[in-house]
Structures are given as C-alpha cells and as structure tokens.
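Here's the structure we're looking at; comments come further down.
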Amino acid sequence: MKLFKFLAKYTLIFAVVSIVTVFTAIGGATYYVLNHIHEENENNHNLHEVMKIGEGYIDELQSFEGLQKMLQNKKMPPFCKTICNPSSLNQDMLLTERTQYLTQFYKATGPQALQDPLFRFKLEQMGSVAKAVPDSVRGVIKDVLDKDGIKSKNKVLLALKVETTLLTELPTLSERLESFKADSERLDLARTWIKACQSGANSKKIMTECQAEFDTASH
C-alpha cells in the first residue's frame, strides 16, 4: 500500500511537471512566432501570400456571419427542391465579390434568393467552412494576422490566448475536419447536379438523388 501511494504521488508530480513543460514549450514557441511572423512575412513571398489568403477567408467568414443573421428567421425551402430552378446570380460578381454580392443579391431579391440554386449552394458551402472554423479560432487568426494589433497588444497575453484556443479546439479538430470533408463531397455532387439541370437533364431524377444524399446527411 505504501509503495502504491509512493508511486501514485510521484506519478502525479511527474504528470504535473510534464504538463507544465509542454505548456512552457508551447508558450515559448507561440511567443517566438508572434514576435517574428510579420518580420518573416516581409521577406518571404509565399508566407505573405498565405497570410493574405488567410485574412481574406476570415473577412469572408465575418461577412457570411452577417448574412446568416439576416436569414436566421427566414423559412427556406429544402435545398434539393431548389436545385433545378433557374439562377439569376451573376457568376462573375460572385467570383469577385463573394459574400458581399450574396448579401446584396438577397437584399435586392428578398425571398426569391432562397429559391436560387447557386445562392443556396453558396450558403451551404460557406456554412460548412464556418462550422469547420469556429469563432474562437477566427478571432485568434485575426489577432495574429493583424500586424499593427500585435504591436499594441501584450504578446504574452496573445500567446496565452492562442495556446488556450489551440488546446480547447484540438480535441474536436479531427471530427470537424471529417465533417468538412463529407460536406465537400456532397457539395461537389450538388455542383454537378446544378450544372446537369441547367443543361436540361431530368430534373425529377436529379432532385431524388439530391434528397437521398442530403437527407441522409441531416440525420
């Protein structure tokens, strides 16, 4: 019994020391990254491009959140019921202005937008990304990418925020990525069905296939 207590005591001490060591290592690495990421960004073209893309995605997700709030109490027809409807979205504007254009389109057309297959497709697509990247992660990414903000913030506190978010979200990361992958596969099918409908394919057959795929996913 004494031996068990002795082993338990020192095992616990070892575990605590290990956890503290891991946190210290993560903290040191995070603080180093916060200190040097923007300096490296100015000298590394690839990193600069990656950071620009990251900023763009975070801005898109924030815009999409605003659109979601506008739509949250609206009654939408099932996605598959709209998939063979004609679309009046301007695809060039959709490519360049993305969520901003979707918001303008909804404000201009109202409930008709909810019947538009491309509008609904983009809602599904952006909704999937938003689920994969929760608010806490977006906030941290935005803080890290904000060069002027990093200068004015206490880097130790920001490093702690990064670590806390990382450790909080890490356990569900694998599940979110699997869900995102499954959503992406369904949306690839949906994109194919929309194109097929626009080319004059059998709309009833396509809607049945769509319902089988999306209804299964919702259960």
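Laboratory data are not the source of any read-out in this text; all were calculated from the coordinates shown. As the structure is a prediction and not an experimental result, all values here were calculated from the model. All Cβ positions, even for glycine, are placed from backbone atoms using ideal geometry, and neighbour counts span all protein chains on display.
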Rounded to whole Hz and in sequence order, give me ³J(HN,Hα) for the range 135-141 from the Karplus expression 6.51 cos²θ - 1.76 cosθ + 1.60, θ = phi - 60°, writing x for Gly and Pro.
3, 4, 5, 4, x, 5, 4
Just add up the charged neighbours of Arg186: K/R +1, D/E -1, any other residue whose Cβ is under 14 Å from the Cβ of Arg186.
-4
Taking a 25 Å limit on the Cα-Cα distance, which of the listed pairs Lys131/Lys161; Lys74/Lys161; Lys69/Lys131 fall beyond it?
Lys74/Lys161
Using only the Cα atoms, what convex hull volume per residue in Å³ does the range 70-117 have?
77
Rounded to the nearest 0.05, what FRET efficiency do Lys81 and Glu175 have when you use their Cβ-Cβ distance and R0 = 25 Å?
0.25
Taking every other residue with Cβ under 12 Å from the Cβ of Cys210 and scoring Lys and Arg +1, Asp and Glu -1, one gets +2
